[in-house]
Structure formats: structure tokens, C-alpha cells
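The values are calculated or read from the model by the stated rules, or taken from the named source; none is laboratory data. This one's a predicted model, so the numbers in the text were calculated from it and none came from an experiment. Note: areas computed on protein heavy atoms with side chains; ligands, DNA, RNA excluded. Shrake-Rupley method; radii C 1.70, N 1.55, O 1.52, S 1.80 Å.
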Amino acid sequence: QNYVQYNPEKIIFGKGTECQVGQEVARYSKTCLLHYDGGDYINPLLDRIRQSLKDAGVTFYELGGVEPNPRLTL
């Protein structure tokens with residue numbers, strides 16, 4: 001079967017760029033899913049991302065504790 005796959009991608013690197021997450025998400029949607037592994041090291045980063053989403057008026061849902069190659073039971 002013929003098909004076309006189009007995957008545009010925008011990657012923003014640099015110090016403090018996590019604070020732009022809300023603005024970027026709001027350009028496309030008013031809701032999103034935060035999907036992360038839940039390690040303690042990520043808490044300060046998640047706090048900044050959560051605040052950015054709130055400031056942009058984006059509703060978000062969280063799914064923490066994600067493992068690489070998860071089984072269906074997760």
C-alpha cells in the first residue's frame with residue numbers, strides 16, 4: 001500500500017529553553033501529556049516545565065514512572 005509519512009520536528013536546545021515549552025505547546029494544542037521516568041533528578045526540571053505550561057494556559061496530564069521498553073502491564 002502506498003502512503004506518505006510527514007514528521008516535521010522542531011528541537012530547541014540551550015540553557016533555560018524548558019521555560020519555552022508552554023509557548024511551543026500552545027501553538028498546537030491546549031492539552032498535553034508529560035511522560036517521564038520519575039527519577040528524582042528530574043523534579044526541578046519538571047517544576048519549570050509545569051510552570052511554563054500553566055503560564056501558557058495549557059492543561060497537562062502526567063504519566064511518571066515510565067520504564068524503557070515497558071510491558072503492557074505497565
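Taking the numbered list (1) in a loop (DSSP other than H, G, I, E, B); (2) at pLDDT 95 or above in turn, Val25 passes all entries but (1). The numbered conditions (1) at pLDDT below 90; (2) in a helix (DSSP H, G or I) are all true for Asn69 except (2). I'd like the full set of residues that are aliphatic (A, V, I, L, M) and open to solvent by 40 Å² or more (accessible area, probe 1.4 Å), limited to segment 1-42. Passing the criteria: Val4, Ile11, Ile12, Val21, Leu33. Being under 10 Å from the mean Cα position of the chain (by Cα) and under 23 Å from Pro8 (Cα atoms) holds for only one residue in Leu46, Leu53, and it is Leu53.
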